[in-house]
Each structure stands twice: as structure tokens, then as C-alpha cells.
Amino acid sequence: MIKHINKQKFSNIMYLHCSQKTIMTTLLAAFTVLTFSNCKKDKDDKPEDTTTVTAAKLQNKKWKTVAATITPKVRYDENPDHLTNNLYADVMDACEKDNFFQFLDNGVLRMNEGADICEEEQQTSDYQWQITNGQLKLPYFEDGFINPTFTVEKCTKSEMRFTIKGKIPTISDQEYTITFTATSF
């Protein structure tokens, strides 16, 4: 048997139900506003500087080259038609692609041959590195160039991209730009 509810009573019940829903929605909205208004961005938060090099960005991790390009293109074998600007894909051997390097506290750049050691290479070799006025100096990477300019284009805690510009007499007497990209792991 269905009980009959008078319209006034039904209206009061609906009003009470709707009022409770409205109150809960209002409270939830107020809580949300208060919560997120307290999470405003701190004035001291700045985007990461990706051009200044610091020891904190470089040290206590291993770096691996993941890309290397050269401009203009160079011949990568005896065939004069085989030109490339992708050194990583077309010129570097597999035993070079697993190499990694580390920036040690004492200004030593340790190059490690990785698991696949290239013929006639030692497992590790040490070179020098330094930071002067926020710029990184890596003489090892400048070897083979005449009057090179070394520029760090990007330096974060997980990625580094730098270029070396200069003449490479073993290739030709024109100026080349080599760009290396490395990631940390």
C-alpha cells in the first residue's frame, strides 16, 4: 500500500534535502578555495636557469652522450657521396655509444668506456674540467680543433647540450660546429 504524502510535507522534505545538499556543496567549495589559495606560488620560485653551469648540476652523476651532430656535413667513409651531420648515428661506433663521463670534485673529468671497450682504449681516462663565470671548460672535447669556441647551450641536472666551433684540420680548413647532447643517469 502506498502512503499518501501531502504536497506541503513533500515540499518541506525536498526543501530540507536540497538545503542540506546546498550547504554541503557550499562548504566543499569554501574548503577548496581556502585550500588552493594557501598553495599560491612562492615569490622566490624561479624557473631553472638552463644556461649557467654549476658544479651541483654536474657532479654526483654519470653523463652519457645521446646525440652528436656536425655542421656542415662531413664524409663518414671513403665514398664521397656519404655525407652526414649525425655523428652519433653514422660515425660513432657501438663501443663509443655506451661511454659515460663523470665530473669529479677535484676538477677531474673521468671518461669511462662502459661495458663495450673500444680497441686500444683503457677502461677510464682522466681529463680536466672547470667552471669560470658560470661557463664550463672541457679541454678534452676541444682536442683536434684550431682556436675552438666552447659554448654550453643548456645545462640542467639531467641534460647538457654544448657546442664546439672551430677548424678541424684533419677534415678540412673550414669551420665546423659540433653539438653534443648528454643526459645524466
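If we keep just the residues of the range 119-152 that are over 22 Å from the mean Cα position of the chain (by Cα), of a type outside the set (S, T, N, Q) and on the phi > 0 side of the Ramachandran plot, which is surrounded by the most Cβ atoms within 10 Å (Cβ to Cβ)?
Ranking the qualifying residues of the range 119-152, first place goes to Gly144.
Any idea which of Asn147, Asn106 is out of contact with any strand residue (DSSP E or B) (no Cβ under 7 Å at 6 or more places or on another chain) and closer than 28 Å to Thr50 by Cα?
Asn106
Just to verify a result, which residue in the range 61-78, among those that are of a type outside the set (Val, Ile, Thr) and assigned to a strand (DSSP E or B), is surrounded by the fewest Cβ atoms within 10 Å (Cβ to Cβ)?
Pro72
Does Ser125 count as modelled with pLDDT under 90, hydroxyl-bearing (Ser, Thr, Tyr), farther than 18 Å from Val53 by Cβ and not in a helix (DSSP H, G or I)?
no
Considering every residue within the range 62-72, establish whether at least one is at pLDDT below 95 and over 20 Å from the mean Cα position of the chain (by Cα).
no
Only one of (1) assigned to a loop (DSSP other than H, G, I, E, B); (2) without any contact (Cβ under 8 Å) to a residue 12 or more places away in the chain fails for Thr50. Which number is that?
Answer for Thr50: the failing condition is (2).
Identify the residue in the range 155-174 that is of a type in the set (A, V, I, L, M, F, W, C) and part of a strand (DSSP E or B) and, among all such residues, is nearest to Pro139 (Cα to Cα).
Taking the candidates together, the pick is Ile164.
The values are calculated or read from the model by the stated rules, or taken from the named source; none is laboratory data. Here the structure is a predicted model, which is why all the values come from computation and not from measurement. Neighbour counts are summed over all protein chains in view; Cβ atoms, including those assigned to glycine, are modelled from backbone coordinates with ideal geometry.
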